[in-house]
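Working notes, beginning with the structure itself.
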């Protein structure tokens, strides 16, 4: 993977790989956050 400025070259396959690795890690972290965090009860009452 190309993590530096050369990764922004659209013709460099290493930049595409680096982007997909980074996006996957961010997605996993976001998924864990959403599993462990619940909205407050007042939000549920307001949406009724």
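The values are calculated or read from the model by the stated rules, or taken from the named source; none is laboratory data. Note that the coordinates shown come from a computational prediction; the quantities given were computed from them, not determined experimentally. Note: ideal-geometry Cβ built from the backbone for every residue, glycine included; neighbour counts use all protein chains shown.
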- Message: Condition check: at pLDDT 90 or above, surrounded by fewer than 10 Cβ atoms within 10 Å (Cβ to Cβ) and on the phi < 0 side of the Ramachandran plot. Does residue 42 satisfy that?
- Response: yes
- Task: Please work out if residue 31 is touching a helix residue (DSSP H, G or I) at 6+ places or on another chain (Cβ under 6 Å), surrounded by 10 or more Cβ atoms within 10 Å (Cβ to Cβ) and part of a helix (DSSP H, G or I).
- Result: no
- Flag if residue 39 is in contact with a helix residue (DSSP H, G or I) (Cβ under 8 Å, 6 or more places away or on another chain), outside any helix (DSSP H, G or I) and free of Cβ contacts under 8 Å to residues at least 24 places away in the same chain: no
- Restricting attention to the range 7-15, does a residue exist that is surrounded by fewer than 10 Cβ atoms within 10 Å (Cβ to Cβ) and more than 11 Å from the chain's Cα centre (by Cα)? yes
